[in-house]
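One structure below.
The values are calculated or read from the model by the stated rules, or taken from the named source; none is laboratory data. Computed from a prediction, not measured in an experiment: that's the story for all the values here. We place every Cβ from the backbone using ideal geometry, glycine too, and count neighbours over all the protein chains shown.
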Amino acid sequence: MRFAINHISAPKLSLAEFFAMCRRLGVSEVEIRNDIPDVLGTMSAAAVRAEAAAQGITILSINALYPFNLWSGDLPDRALRMADYAAECGAQALVMCPLNDGQKVAHSRVVEALDAMTPILKTRGLTGLVEPLGFPISSLRTKAEAIAAMTEADEDGTYLLMHDTFHHHLAGETVFYPNRTGLVHISGVTDPAVAVDDMLDAHRVLVDGADRLENIEQIRALQAGGYAGPFSFEPFAQQVHDLDDPEAALRESMDHIRAALA
């Protein structure tokens, strides 16, 4: 299987240090971010492209445009600037996350937003990775809802799903869409006390034997259905971010996943 690594897995590392760590782990595909850490706000796109080229790194995505499904306010301008940055730095895709504050967003508005984003992405050679968020307060919880909007707005593959094992579990989804999936985020929850509906990003750690999200089963199902893309580590827990040796922790998780799948 192919692993990728999201910069949030080791946010204390500079971009150059992060790329070097990935290469030592045998990983050449990464995701960069505009939050933790804020690469977009601290480095020029040209500098990111040069560093990636120097280290033999492929930038899969920039994470993330939020909230993509409300096309109003400053979102159009932010979408343009992020897409320009993505194209200039050599990224292949933009991750697009929906509103997550308890407000409902009508299907028609999701389609409207995707319609507006389509020319922005197409003219820059980018893919839109639509990521449903499984939280109870999310305005777009399931991949089925996302696919309905994507299908209505798009006829030529501009949009693909971001399958996130955490959000898949939280939403209670059982259906997989491997042929519509462009990238997979993996993280685990090991806290035995937290209820599924109370799980938050802060609970997301690296995948190990105590994982409650059935990452191994999800990976198997996606691969059995034909998904052949990378699986990208995306842990949000502070305990992961504070690790003195994130490289060792990532290697241990990779080894666990490979052994469990064998």
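Worth a mention:
- With respect to the stated conditions, Gly157 is modelled with pLDDT under 95 and in contact with a strand residue (DSSP E or B) (Cβ under 9 Å, 6 or more places away or on another chain).
- Of all residues in segment 207-233 being in a loop (DSSP other than H, G, I, E, B) and in contact with a helix residue (DSSP H, G or I) (Cβ under 6 Å, 6 or more places away or on another chain), the one that is nearest to Leu13 (Cα to Cα): Val207
- So Leu250, is it farther than 19 Å from Val130 by Cβ, in contact with a strand residue (DSSP E or B) (Cβ under 7 Å, 6 or more places away or on another chain), assigned to a loop (DSSP other than H, G, I, E, B) and of a type in the set (A, V, I, L, M, F, W, C): no
- Options Leu129, Leu133, Leu183, Leu114; residue that is under 23 Å from Ala86 (Cα atoms), without any contact (Cβ under 8 Å) to a residue 60 or more places away in the chain, not in a loop (DSSP other than H, G, I, E, B) and not small (Gly, Ala, Ser): Leu114
- So Ser72, is it over 26 Å from Ala4 (Cβ atoms), touching a Leu at 6+ places or on another chain (Cβ under 8 Å), assigned to a loop (DSSP other than H, G, I, E, B) and among the polar types (S, T, N, Q): no
- Residue match in segment 15-31 (condition: out of contact with any Cys (no Cβ under 7 Å at 6 or more places or on another chain), loosely packed, with under 15 Cβ neighbours inside 10 Å and closer than 25 Å to Gly128 by Cβ): no
Rundown of residues vs (1) charged (D, E, K, R); (2) crowded, with 21+ Cβ neighbours inside 10 Å; (3) touching a Lys or Arg at 6+ places or on another chain (Cβ under 8 Å), yes/no style:
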site: Met162; (1), (2), (3): no, yes, no
site: Pro192; (1), (2), (3): no, no, yes
site: Ala202; (1), (2), (3): no, no, no
site: Leu206; (1), (2), (3): no, yes, no
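- Tally, over segment 117-126, of residues that are under 16 Å from Leu60 (Cα atoms) and either outside any helix (DSSP H, G or I) or touching a residue at least 60 places away in the same chain (Cβ under 8 Å) (or both): 3
- Filter pass, Ala249 being over 17 Å from the mean Cα position of the chain (by Cα), within 19 Å of Ala146 (Cβ to Cβ) and either buried (at least 17 other Cβ atoms within 10 Å of the Cβ) or touching a residue at least 24 places away in the same chain (Cβ under 8 Å) (or both): no
- Looking across Arg180, Arg204, one residue alone is touching a Pro at 6+ places or on another chain (Cβ under 7 Å), at negative phi and of a type in the set (Lys, Arg). It is Arg204.
Per-residue answers, yes or no, for (1) among the charged types (D, E, K, R); (2) touching a Leu at 6+ places or on another chain (Cβ under 7 Å):
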position	(1), (2)
Ala10	no, no
Ala16	no, no
Arg23	yes, no
Asn34	no, yes
Asp38	yes, no
Met43	no, yes
Arg49	yes, no
Ala54	no, no
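- Options Gln92, Gln103; residue that is of a type in the set (S, T, N, Q), in contact (Cβ under 8 Å) with a residue 24 or more places away in the chain and closer than 20 Å to His167 by Cβ: Gln103
- Taken over segment 128-149, residues that are of a type outside the set (Asp, Glu), surrounded by fewer than 21 Cβ atoms within 10 Å (Cβ to Cβ) and closer than 17 Å to Arg180 by Cα amount to 4.
- Count of segment 4-27 residues, restricted to those that are touching a residue at least 40 places away in the same chain (Cβ under 8 Å) and more than 16 Å from Leu60 (Cα to Cα), is 7.
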